[in-house]
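Below is one structure, written out as structure tokens, with a few remarks after it.
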Amino acid sequence: MSKLLEVENLVVHFDTDGGLVKVLDGVNVIINAGEILGLVGESGSGKSVSAAAILGMIRRPGRILAGSIEFEGIDLLRLSEDEMSRYRGRQIAMICQSYRTALNPVISAGRQISRLLEIHQGSSRAAARRRALELLDLVGAADPARLMKQYPHQLSGGMCQRVMIAMALATSPRLLIADEPTTGLDVTIAARILELLRDLSKRTGAAILLITHDLGVVAQTCQRVAVMHAGQLVETAPVRELFRFPAHPYTRALVSAIPRIDIEIRLDPVPGAVPSLLHPPTGCRYQNRCPRAMEICRHDKPRQVAVGQDHEVACFAFGEHSDAAA
Amino acid sequence: MTPLLEVEGLRKSFALTGPTTWAARLRGERPAVRAVDCVSFAVAKGETLGLVGESGCGKSTVARCLLRVIEPTTGSIRFAGEEITTLGGRQLRNTRRAMQMVYQDPTAALNPRFNARRTIEEPLRLHFKMTSAERRERLNEIISDVGLGTDLMERYPHELSDGQRQRVNIARAIAAHPSFVVLDEPTSALDVSLRSRVVLLLEALQKRLGLSFLFISHDIATVKYLARRIAVMYLGVIVEEADSTSLFAAPRHPYTRALLSSVPVPDPDFRHERLVLNGEIPSPTKTYVGCRLRSRCPLAAAVCAEPVPRREVAPGHHVLCHLA
């Protein structure tokens, strides 16, 4: 599989009145062409900030202190604002969590899509309109012609999300970032939106970065998974491998913290709380919640080591680290 | 044994007014949203009944009618053997002491100008004559029950975390020794790791205090974990009610099947037997003769236009469907 996007050692801080919030602490992640990568973690783990960084949308008071984001070999962080705008919305598109507020309330659904095509691709008004109709059909609208004329307040949550997806697809992006695309939707509608994303990725060849806190969604939608905790990437693995052999203590805790309908489990919440990113512990940021924390975890930040095929974990309990710690 | 709570034929409709309904009103019709359209169920002492369904199905309206936060249009609600739809004044207040509610949004449910202590003591002040020493003693009992520290008691809602706020809400609900608590999506606004903690807390409280719960949620996995019996609502009616085990092993109503087959399962090899409904939930202003799911149901047949009887398909397993 070819590499589409590679984030390396990304460090992002935010200046606030309370002090410096160290949101991302050296994140490394690769997205391959055409795959669906799940990015999971609790609130405050840095999932959405990672997405914003990829889109070049970290603004003051946020600062990128280090790292690179290479998209098809080009470091997006070195681009000027003008150059970046050739990627944002065209090569890399986004589906937001708050589909209600992300749509313009005074512009019809069809016009929101066609306007985008006029801006990004210089299409004529008529051509853009035709393409908008096609896109609404592609995302499974029952009556695309009618939907073209409707305004966001006339649409259900699921329909708004479909319009958002159509907008994201308008420019045939290579990478689609979906930030909690089903949060707030009813389960039957959410299941259909996820089906749609899977289907679109297959049909258009676009890679999808699916940000979610729901491991069920990950298991049934993604091919690979990256787990984040408090601004650090703790584990990446193919989806089957992650659920069969979760390695990092945090991943294990996440899996046993959710009730499920397929089997009976004893609920076991993740211990402790996400540490404050104003004063995060040095070394591994999971140390204060970890049942296996060692002395070394308090000083050094664990590197990612391979524990299986395409399976990496950042924990001193594994691989070469475990020898060093012994 | 008579159940603690018995609801029979509960209906609640909200009249529609305003300019869009004038034509219908001229024709002599009375357009209304039938939020709850003949719902019956019972909750035994110490039991949890789970009520699931999607937005707009009427779950929260049922909850509000039970506590008479809003008045039911028709129907009977018996609590501890007493009809409460006709109660007023002091009697109603006494009943309300025994029936409490925890809301979905832990922030909106708290008065921002009350600190945690005052919030939790409020029901004690309303329902009991207690000296301040007695109140303090009871407060300490309650907060140790829900796992809050005394150091948090002087804090205001904005100084508490989401998880702590929901614990304050739960503390307030159990303060006056209720026997029945309605939990309306108590975990939906919380982060994943907090959710499981609140679920475990509710489970422990129920065991220790012998509480009965009506647990309302669209999070079906959590309902399965907490509830022994589950009722599934669709468009104002309960379409299926059964033991948790038999509901998950053999769901009979097409809506239940569609709902369960949409729940994401954290196992990449798990394959649902998918049943997909057409379109989206129709308007609750219509009056229905036959099955309400008819227009969306892939299994619909001619018979579905006829009124649907509630049938017992297995012991304790009730379904509202011609075909099940």
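Every number in this text was worked out from the coordinates using simple rules, so none of it is lab data. Computed from a predicted structure; not experimentally measured. No Cβ is skipped: glycine too gets one built from the backbone with ideal geometry, and neighbour counts run over all protein chains shown.
Taking packing as the residue-averaged number of other Cβ atoms within 10 angstrom, the listed peptides A:266-272, A:87-93 run from highest to lowest as A:87-93, A:266-272. Once the C-beta distance of B:Ser161 and A:Ile119 is scaled by a Förster radius of 56 Å, the resulting FRET efficiency is 0.85 to the nearest 0.05. In chain A, Cα pairs under 8 Å separated by at least six residues give a relative contact order of 20 percent. Across every pair of different alpha-carbon atoms, what Kirkwood hydrodynamic radius in Å does the stretch B:221-275 reach? Value: 11.9 Å, from the Cα pair sum. Size descriptors for the stretch B:157-209, from the alpha-carbon set: Rg then Dmax equal 11.1, 31 Å. Scaled to the globular estimate 2.2 N^0.38 Å, the Cα spread of the stretch B:60-192, given as radius of gyration, is 1.10. One equal scatterer on each Cα of the stretch A:119-276, no solvent, Debye formula: the resulting log10 I(q)/I(0) at q = 0.11, 0.15, 0.21 Å⁻¹ is -0.56, -0.90, -1.40. Taking Cα centroids, how far is the stretch A:152-177 from the stretch B:95-151 in Å? If we compute the Cα centre of each part, the gap is 45 Å. Can you give the percent of C-alpha pairs in the stretch A:105-172 whose distance is more than 21 Å? So the pairs more than 21 Å apart make up 13 percent of the total in the stretch A:105-172.
Averaged over all directions, how much area does the convex hull of the C-alpha atoms of the stretch A:173-253 cover when projected, in nm²?
It is 5.8 nm².
Inter-chain neighbour count for A:261-272: the average number of beta-carbon atoms from partner chains within 10 Å of each residue's beta-carbon is 5. Once every Cα of the stretch B:122-203 carries one equal point scatterer and solvent is ignored, give the base-10 log of I(q)/I(0) from the Debye formula at q = 0.12 Å⁻¹, two decimals. The calculated log intensity ratios at q = 0.12 Å⁻¹ are -0.36.
With a/c under 1.5 counting as rounded, go ahead and sort the stretch B:5-227 into rounded, prolate or oblate using the C-alpha gyration tensor (a ≥ b ≥ c being the square roots of the eigenvalues; past the cut-off, prolate if a/b is larger than b/c, else oblate). Note, shape of the stretch B:5-227 comes out prolate. Between B:Thr131 and B:Ser188, the contour length at 0.36 nm per residue exceeds the Cα-Cα span by 16.8 nm. With the cut-off at under 13 Å, measuring from each backbone N in the stretch B:242-280 to a point 7 Å along the Cα-to-Cβ line of B:Ala314 picks out B:242-253. For the peptides A:17-24, A:36-43, the ranking by mean Cβ contacts within 10 Å, running from highest to lowest, is A:36-43, A:17-24.
With r defined as the distance between the Cβ atoms of B:Arg90 and B:Ser55 and R0 fixed at 56 Å, what FRET efficiency is calculated, to the nearest 0.05? With R0 = 56 Å, the Cβ-Cβ based efficiency is 0.95. Each Lys or Arg adds one and each Asp or Glu subtracts one; over the other residues with Cβ under 14 Å from the Cβ of A:Asp268, this totals +4.
As a calculated quantity, the FRET efficiency between B:Asn111 and A:Ser156 at R0 = 30 Å, using C-beta atoms, amounts to about 0.35.
Remark: mean inter-chain Cβ contacts per residue of B:270-276 equal 3, using a 10 Å Cβ-Cβ cutoff to other protein chain atoms.
For the peptide A:221-227, the mean number of other protein chain Cβ atoms found within 10 angstrom of a residue's Cβ is 1. Exposure proxy shown here: for B:His272, A:His13, the number of other Cβ atoms within 10 Å sets the order, fewest to most, as B:His272, A:His13. The Rg/Rh ratio for chain A is 0.99, where Rg is the radius of gyration of the alpha carbons and Rh is the Kirkwood radius. According to the calculation over all Cα-Cα pairs in the protein assembly as shown, the P(r) per 20 Å bin from zero is 17, 47, 32, 4, 0 %. For the stretch B:253-324, the calculated P(r), taken from all Cα-Cα distances in 5 Å bins from zero up to the bin holding the longest distance, is 3, 15, 21, 21, 19, 11, 6, 3, 1 percent.
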